[in-house]
């Protein structure tokens, strides 16, 4: 194998596939990046057997030559060293040549590296995903949906299914739900499908976070293919495979209260900043608890008290408060995460009592919902 390639494109692709490479693997060859060159261009692959990423660099794009293929072939190179080397090469052009026993020479300007490579035939095959029944969604919308739900997945392995985001597809709509059993984030959006297929799968939160990092902020569609145990995201020159989590995701619809006792409408940013200030004294000890009380005239009091540090009280003017008086305590972190996920200038919070979960939504927008369980304080 021998080819000459633009360094910037190589660095970009290497950084993308590196997101799937881990040093903690039982299969030694997976600490490497597989590189295959043929007449069409160069394909890089990284995998940790949960996530696999394939990045394709075409020979030419928009009339510009990106890769000159001198000889087809392939090699697997140690990801850690290869990624560091390509980032630090001196010139814009890189020549990569595989010699006997997969020894690979990387040249750029006056710099020359020799890396010991491995046989690409020994690299595990990527999952086979039938590319039919595509679900199409705009890239920027997909990234937004991941941002608005992914933070609420569980980080504890005691219930592995909760470390994923539940994706349900029905009636040309995608519902994403994440919960760690203390809070829940839900977002829905219309999608394009060519079949009336229904899906109900759980995608690891970690996979979605990595996917979001390598997708560009464009309105170009991403094609999504779901099988029994894999999901494939297909964007321009990029394939991203993730395994699905096994098991049934709990029915979360029961958690969302249908009645209401206290309704609060408030300016998102002002409320977020007040919670942030209150949390300054709440970080020690008891998981970051902030209290909220309704006062006369639509005023809201946000307070926090740490006996050893001190206390903070702040009043915020709401747009409207309706219903019963309320005193409730909750995690400042959960509230701040939820508020940051909502892209509206005003929010509506629906409380059903001091010990029941409460719901936060942007005003006049039903596509996103955040739910938080309060904290008992005695």
PRE reach from residue 320 (point 7 Å along Cα→Cβ): which of segment 245-281 fall under 17 Å by backbone N?
260-268
Against the longest alpha carbon principal axis of the chain, how many degrees, from 0 to 90 and to the nearest 10, is the axis of helix 139-149 turned?
50
Extension gain from residue 133 to residue 171, taking 0.36 nm per residue of separation minus the Cα-Cα distance:
12.3 nm
Taking N as the residue count of segment 135-252, its alpha carbon Rg divided by 2.2 N^0.38 Å gives 0.98
Helix axis angle, 268-279 relative to the chain longest principal axis, alpha carbon, degrees:
80
Roughly how tilted is helix 205-214, in degrees to the nearest 10 and between 0 and 90, from the longest Cα axis of the chain?
60
Between residue 155 and residue 23, what is the FRET efficiency for a Förster distance of 25 Å, r being their Cβ-Cβ separation, to the nearest 0.05?
0.75
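In nm², what is the average projected area of the convex hull enclosing the Cα atoms of segment 1-104?
That works out to 6.5 nm².
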Over 17 Å, how big is the tail of the calculated P(r) for segment 204-342, in percent of all Cα pairs?
72
Note down the nm distance, to one decimal, between modelled labels 7 Å out along Cα→Cβ at residue 125 and at residue 269.
5.5
Could you check the simple spin-label distance between residue 198 and residue 363, using points 7 Å along Cα→Cβ, in nm with one decimal?
3.7
Apply the Debye scattering formula to the chain, with a single equal point scatterer on each alpha-carbon and no solvent, then give log10 I(q)/I(0) at q = 0.12 Å⁻¹.
-0.94
From DSSP H assignment alone, runs of 4+ in the chain each adding -39500 (n - 2.57), the sum over residues rounded to the nearest 500 puts [θ] at 222 nm at -5000 deg cm²/dmol
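Between residue 39 and residue 110, what FRET efficiency comes out of the Förster formula 1/(1 + (r/R0)^6) with R0 = 25 Å and r the beta carbon distance, rounded to 0.05?
0.25
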Förster radius 30 Å - calculated FRET efficiency between residue 60 and residue 209 (Cβ-Cβ, nearest 0.05):
0.35
Under a Gaussian network model of the chain whose springs join Cα atoms within less than 10 Å, the largest fluctuation of 314, 61, 192 belongs to 61
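Every number in this text was worked out from the coordinates using simple rules, so none of it is lab data. These numbers were taken from a predicted model, which means no experiment stands behind them. Note: ideal-geometry Cβ built from the backbone for every residue, glycine included; neighbour counts use all protein chains shown.
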